[in-house]
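Below is one structure, written out as structure tokens, with a few remarks after it.
The values are calculated or read from the model by the stated rules, or taken from the named source; none is laboratory data. Keep in mind that what you see is a predicted model, and the values were worked out from it rather than measured. We place every Cβ from the backbone using ideal geometry, glycine too, and count neighbours over all the protein chains shown.
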Amino acid sequence: MNRGESMPERNRPKEQPDDEFREQKVAGHGETVDDGKGRIFPCDECGADLEFSIGTQSLKCPFCGTVKTIEIDEKAEVVENDFLAMVEKLRLQHQQGHADDESAENEHAVRCGACGAEVVFQGTLTSSECPYCACPLQRDKIHDAPTRIPVDGILPFQIAEPDAAGRLRQWVQSLWWAPNQFLRDGASGKFNGIYLPYYTFDSQTDTAYAGQRGDYYYVTVGDGKDQRQERRISWSFRSGRFQRFFDDVLIVAVKAENEGLLRRLEPWPLKNCLPFTQQVLAGFYARTYDVSLEDGFGVARQRMEGELTSDVRQRIGGDEQSISSQRTHYSDVTFKHLMLPVWLMAYRYKEKSYRVIINAVTGEVSGERPYSLFKIMAAILTIAAIVGVIVALNQSR
């Protein structure tokens, strides 16, 4: 159905809906269906479902063009949460026997308020569209379930799909060693706009270390023609203690094979996040986390440890460093649960699948690509030939 066509009868609001399909009004947050398990945003003019418009950063009706400003509480803020307090809260909830009925293993059906069809949400997918009438529909309960961590902030889409497609073409043309056919035809496929869950962690760290500093020095050895300089290392003990504060260490909160691709999309302008609102999700897919908060901090801690090790080596100084001990205390740990937007696309080239992910705010492209074995071999042979010529010229002198 083209967006320029008139709205089908099944998308029009029913004058007297059956009690089974009756919708409950929620002021400022659209309308819920199926007892709060799904959410839609009906247009005040024609009754069709509003979608988030990237160009206007507002809700817009795809049929009559009505624009509705996104309603955000001016007093609301994206705030840091106490990590240990949340971990303890979740632990107590599980001890008390609260079942997480929105877990990644469950399927959940939501009834479409427009046409009455049931839409099945699988795993952590929480935002989709009705396959029968194409109306946006969101699985709502999962974002505020008592055994789930609430979403603190959301970064709205800034780059529309046509712009994303243009950036993809630029990325394809910039690839070295890509097959000529791929450079000519490029990656083609259907983009899906999706919000992915992330954690950010803040922490104050206090690190004590000890190790050895190695400084190079040179001595002359041998006699006559055999005389030469040999490098030696002078080792000296070093120890110390320092503090460092980590701010917004970003961790993707879904288990994904393409985590490396997601890391390449950083940095994100996290300061532009809005307090979470369902309205920004309208018309897009969304997923909730399937990485626990504790596991997320475990990954963040590994990254902090890596940076702290670099700090220790720099503080020891010298030409080489040997670290014998490094102990770090983490305190004042806080976190945020955010949703960040990406454009996802999978394409096939010569019967093999590749994935491309685009940061829908900065436009950064990260993707898998094919390589031309012919071009690589030709380059190797060319380099080998050049080296051979240089060696031959030197030997002839």
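Here is a check on your reading of the model: is residue 34 modelled with pLDDT under 50 and under 27 Å from residue 157 (Cβ atoms)? Yes: the conditions hold for residue 34. Please indicate, with yes or no, whether at least one residue in segment 320-328 is touching a Leu at 6+ places or on another chain (Cβ under 8 Å) and under 16 Å from residue 152 (Cα atoms). The answer is no; no qualifying residue exists. So, residue 325, is that one under 30 Å from residue 212 (Cα atoms) and touching a residue at least 40 places away in the same chain (Cβ under 8 Å) or not? Judged against the criteria, residue 325 is a match.
Would you say residue 223 is of a type in the set (D, E, K, R), touching a Lys or Arg at 6+ places or on another chain (Cβ under 8 Å) and either outside the structural domain of residue 50 (by TED's automatic domain parsing) or without any contact (Cβ under 8 Å) to a residue 24 or more places away in the chain (or both)? In short, no. Among the numbered conditions (1) over 30 Å from residue 165 (Cβ atoms); (2) in contact (Cβ under 8 Å) with a residue 60 or more places away in the chain; (3) of a type in the set (A, V, I, L, M), the only one that residue 377 does not meet is (2). Figure legend. Inter-residue proximity from segment 333-348: first residues at negative phi, second residues basic (Lys, Arg) and part of a strand (DSSP E or B), beta-carbon distance below 7 Å, spacing 6+ or different chains. Indicated pairs: 346/355.
For segment 238-269, filtering for residues that are hydrophobic (A, V, I, L, M, F, W, C) and without any contact (Cβ under 8 Å) to a residue 24 or more places away in the chain leaves 1. Filtering segment 372-390 for residues that are surrounded by 10 or more Cβ atoms within 10 Å (Cβ to Cβ) and touching a helix residue (DSSP H, G or I) at 6+ places or on another chain (Cβ under 8 Å) leaves a non-empty set. The C-beta contact set for segment 295-321 (first residue on the phi > 0 side of the Ramachandran plot, second residue at pLDDT 95 or above and of a type in the set (D, E, K, R), distance under 9 angstrom, 6+ apart or interchain) comprises 317/213; 317/215; 317/238; 318/213; 318/215; 318/238.
Pairing each residue of segment 270-293 that is outside the structural domain of residue 190 (by TED's automatic domain parsing) with any residue that is at pLDDT below 85, provided the two are 6+ apart or on different chains, yields no C-beta distance under 9 Å.
For residues in segment 278-314 being part of a loop (DSSP other than H, G, I, E, B) and touching a strand residue (DSSP E or B) at 6+ places or on another chain (Cβ under 7 Å), which is surrounded by the most Cβ atoms within 10 Å (Cβ to Cβ)?
288
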